[in-house]
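Below you'll find the structure, written out as structure tokens, and then a few comments.
The values are calculated or read from the model by the stated rules, or taken from the named source; none is laboratory data. The structure presented is a predicted model; accordingly, all values stated were derived computationally and were not measured. Here the Cβ is made from the backbone with ideal geometry for all residues, glycine too, and neighbour counts use every protein chain on show.
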Amino acid sequence: MKLVSLAAALLAVAVQPMPALAQPAAPTHDRPSAFPKAVVKASASEVTEGDRLTVRVRVPRAGLAKKVVLQERRTTILGDVVWEDVTTRRARSRVKFVETVTSLNTASYRVAVSYRGRVKPVVSRATSVKVWRWVPLHEFAPYFQTSQATYGESEINGVRYEVWGGLYSYSTRSWEARVTPGRHCMRFRATLGLADTSDDGSTGTIAFTTDESATVYQSPALTPGMTLPVELALPSPYRFGMQAANTSAEKVKAFPMVGNGAFYCTGIE
């Protein structure tokens, strides 16, 4: 009986499953959770096209990082949105990029950080800034203009400008044109004067209105050989109007011109 019990005990031990071999733990730096995203901040929330913008990056676990690539959001000619590599820096805990802003309306940046022991870079959240730019007046098609008003080129005090004015009507005493900024613009600038084809001793004036009612600017008397640069703050107008008048004596010709007009805008493609 004792021999049978002993044999049964040995058999029970023999058929028990062998414990599984422990798997080696993966290195800590291979786990995705070990790589928090870099923090990206821009030096300004709004800029003018052509400004220099500083993008500062805080890189987590910089001791394991190899490189930091600044990427900018771009739209292709087919309308696809892509993230394009712009500049590469050696990885440090703090990295700074200085870029010239060329994007329309919004500039968006992010970084891709490459780490040792990880195949794919870790991509940060994006940071965006609003971009303002000077849009030439001639890019706004007039929704109203008098028959004498036209766009072209003219010389004011010997300098050639792109102008709005009454270029082709030698008998006109006034002209008017209106465009639609559509509440996208906050400033307007231009050089005012009389075309050099105006008679000696002539005078003229130019006024600007917003939303077809409020006069935001009235020029003094303009005379031949005079140039008057103006830059106006606008109350985000939906409409913008230009009114010019020949204030000379009868039969004296004056051609008031709005030279190199431009709006300061964002949100316009």
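Quick look at the numbers
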| item | result |
| --- | --- |
| Hits in the range 212-244 (condition: at pLDDT 95 or above and either under 30 Å from Ala107 (Cα atoms) or among the small types (Gly, Ala, Ser) (or both)) | Ser219, Ala221, Gly225, Val230, Glu231, Leu232, Ala233, Tyr238, Arg239, Phe240, Gly241, Ala244 |
| Subset of the range 118-176 [under 24 Å from Glu212 (Cα atoms), more than 25 Å from the chain's Cα centre (by Cα) and assigned to a loop (DSSP other than H, G, I, E, B)] | Tyr143, Thr146, Ser147, Gln148, Ala149, Gly166, Leu167, Thr172, Arg173 |
| Hits in the range 111-163 (condition: more than 29 Å from Thr48 (Cβ to Cβ), in contact (Cβ under 8 Å) with a residue 24 or more places away in the chain and basic (Lys, Arg)) | Arg116, Arg118 |
| Selection status of Thr180, among the hydroxyl-bearing types (Ser, Thr, Tyr), in the same structural domain as Pro229 (by TED's automatic domain parsing) and over 27 Å from the mean Cα position of the chain (by Cα) | no |
| Restricting the range 67-86 to residues that are in contact with a Phe, Trp or Tyr (Cβ under 7 Å, 6 or more places away or on another chain) and not polar (S, T, N, Q), the residue that is surrounded by the fewest Cβ atoms within 10 Å (Cβ to Cβ) | Arg73 |
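Here's the yes/no breakdown for (1) part of a strand (DSSP E or B); (2) surrounded by 14 or more Cβ atoms within 10 Å (Cβ to Cβ):
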| site | (1), (2) |
| --- | --- |
| Phe188 | yes, yes |
| Thr191 | yes, yes |
| Ser198 | no, yes |
| Gly201 | no, no |
| Pro229 | yes, no |
| Ala245 | yes, yes |
| Lys251 | no, no |
| Ala254 | no, yes |
| Met257 | yes, yes |
